[in-house]
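First the structure, in the form of structure tokens, and then the observations on it.
The values are calculated or read from the model by the stated rules, or taken from the named source; none is laboratory data. On a predicted model such as this, the values are computed, not experimentally measured, just so you know. Note that each Cβ is placed from the backbone with ideal geometry, even for glycine, and that neighbours are counted across all protein chains shown.
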Amino acid sequence: MKSNNRHPHPVFEEVFSERGRIEEFQGRLIDWFVSGRQAYPWRETDDPYAILVSELMLQQTRIATVLNRGFYSRWMKRFPDWETLAGAEEEDVLKAWEGLGYYNRARNLQAAAGLVVAEHNGQLPPDFDAVLALPGVGRYTAGAVMSFAFGRRAPIVDGNVIRVLARLLDFRDPVDTAAAVSYFWSRADRLTPGERVREYNSAIMELGQKCCTRARPDCRACPVASFCRGREAGTAGELPAKKRKGTVTPRLERVGLLVSGGRIFLEQETGKRRRGLWKLPEVTEEEAADWVETLRFSYAITRYRVELLTFTVPESAMIDFERRLDGEWFSLGDGLAHLPALGSPYRKAIESCLINAREELEW
Ligand code: SF4
């Protein structure tokens, strides 16, 4: 596929040059959306708090996970409004987020709630700059809150929207550059209607989720197929183009499972990103040389592929860990749900090790 892009990219003007074409595009998308819309809980409300919660949860987590595993409903029950969240203990907030990962989202949500309570009297105003000023809120999320909660005209551009527009406009240059992203924001802005913006923004994202999917676009079911230059040129399946991916760096992490008398020893995480979380203590290669390796699996974090090795630490070595680490013993009697918030890999390791070793360790 050869690049066809000239600057400025001319296809948008060609596709939408005729009078009324943009309105026709908007109308088709909205009609398609309304006739088959998914009834997500955050679509049944115009509460900016509920919408911000859903947007932050969905930033790095799939809809199916957030819904089917009950993260959203549990959160809304536990922290139903700005005030409750602002006044909660950080430890409880992180615990409620456990399993979703990227805990900074939870911290930002609580900081945003604090700001709404302190500066806006508990009522987020329908003002783009005020929404954008909330911690963890970027241009996309501010646009989502403005349109979904307040019905105000605001474009949104996320991965779904970029994929749809790249295919629609047969945009063959890499989409993950600042110039391309800025181009998509400006074209999304021109396509966003003044009326029914909530439905339009939901529609264009849903088109990317259901029809113009990453794996394979289903052009026959697409309500805007007649506008699509990528479909016409036969390039849609290869778009959007991306810059070459950065290399993944392998890493090895050894951790110890200290279990004694029905309790487990955990260490406090350090560093800003992981503040408030707990983990299995790290062990060195020398320490672990004679210990039993109980589990091994890989997980990805940023640009690393980490291989996590879990060792059972013998009772004789535990005292040394207690002395040198900022850690605590926690009871296993009430199940993992009663442990403090743990990073996902450690939680998974503890779960697997407990199932495998329950009889051996006799608790
Ligand atoms: Fe995507 Fe196909 Fe629709 Fe074009 S016609 S927007 S490629 S689903």
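The residues in the stretch 266-300 that are farther than 30 Å from Asn108 by Cβ and surrounded by fewer than 16 Cβ atoms within 10 Å (Cβ to Cβ) can be counted, and the count is 8. Scanning the stretch 323-339 for residues that are within 26 Å of Arg251 (Cα to Cα) and touching a residue at least 40 places away in the same chain (Cβ under 8 Å) yields Leu325, Asp326, Gly327. Counting only residues that are closer than 13 Å to Phe148 by Cβ, surrounded by fewer than 21 Cβ atoms within 10 Å (Cβ to Cβ) and aliphatic (A, V, I, L, M), the stretch 181-206 holds 1 of them. Here Val197 passes the criteria (1) within 16 Å of Phe33 (Cβ to Cβ); (2) of a type in the set (A, V, I, L, M, F, W, C); (3) within 16 Å of the ligand (Cβ to nearest atom) except the one numbered (3).
Residues are listed down the side, and each one gets a yes or a no for (1) on the phi < 0 side of the Ramachandran plot; (2) more than 16 Å from the ligand (Cβ to nearest atom); (3) not aliphatic (A, V, I, L, M):
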{"position": "Pro80", "(1), (2), (3)": "yes, yes, yes"}
{"position": "Leu94", "(1), (2), (3)": "yes, yes, no"}
{"position": "Glu98", "(1), (2), (3)": "yes, yes, yes"}
{"position": "Asn108", "(1), (2), (3)": "yes, yes, yes"}
{"position": "Pro125", "(1), (2), (3)": "yes, yes, yes"}
{"position": "Val131", "(1), (2), (3)": "yes, yes, no"}
{"position": "Gly159", "(1), (2), (3)": "yes, no, yes"}
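Going through (1) loosely packed, with under 14 Cβ neighbours inside 10 Å; (2) under 22 Å from Thr213 (Cβ atoms) one by one, Ala178 falls short only on (2). Keeping to the stretch 133-144, report how many residues are surrounded by fewer than 18 Cβ atoms within 10 Å (Cβ to Cβ) and closer than 22 Å to Gly87 by Cα. Residues in the stretch 133-144 being surrounded by fewer than 18 Cβ atoms within 10 Å (Cβ to Cβ) and closer than 22 Å to Gly87 by Cα: 2 in total. Among helices (runs of 4 or more DSSP H) entirely within the stretch 38-147, having at least 3 residues that are closer than 28 Å to Ala188 by Cα singles out 48-58, 63-68, 104-120, 128-132.
Go through the stretch 173-213 and give me each residue that's of a type in the set (D, E, K, R) and over 21 Å from Pro10 (Cβ atoms). Correct list: Asp176, Glu195, Arg196, Arg198, Glu199, Glu206, Lys210.
Of the residues making up the stretch 208-249, just one is hydrophobic (A, V, I, L, M, F, W, C), more than 9 Å from the ligand (Cβ to nearest atom), over 21 Å from the mean Cα position of the chain (by Cα) and part of a loop (DSSP other than H, G, I, E, B), namely Ala241.
Restricting the stretch 207-228 to residues that are of a type in the set (D, E, K, R) and modelled with pLDDT under 95, the residue that is surrounded by the fewest Cβ atoms within 10 Å (Cβ to Cβ) is Arg216. Among residues of the stretch 23-40 that are over 12 Å from Phe227 (Cα atoms) and at pLDDT below 95, those with a beta-carbon under 9 Å from a residue that is part of a helix (DSSP H, G or I) and among the basic types (Lys, Arg) at least six positions away or on a different chain give the pairs Gly36/Lys210; Arg37/Arg43; Gln38/Lys210.
Pairing residues of the stretch 253-269 that are on the phi > 0 side of the Ramachandran plot with residues that are among the small types (Gly, Ala, Ser), at Cβ distances under 7 Å and at least 6 apart in sequence or on separate chains, gives Gly262/Ser331; Gly262/Gly333. For Phe171, the criteria (1) closer than 19 Å to Glu24 by Cβ; (2) crowded, with 21+ Cβ neighbours inside 10 Å; (3) within 13 Å of the ligand (Cβ to nearest atom) hold in every case but one, which is (1).
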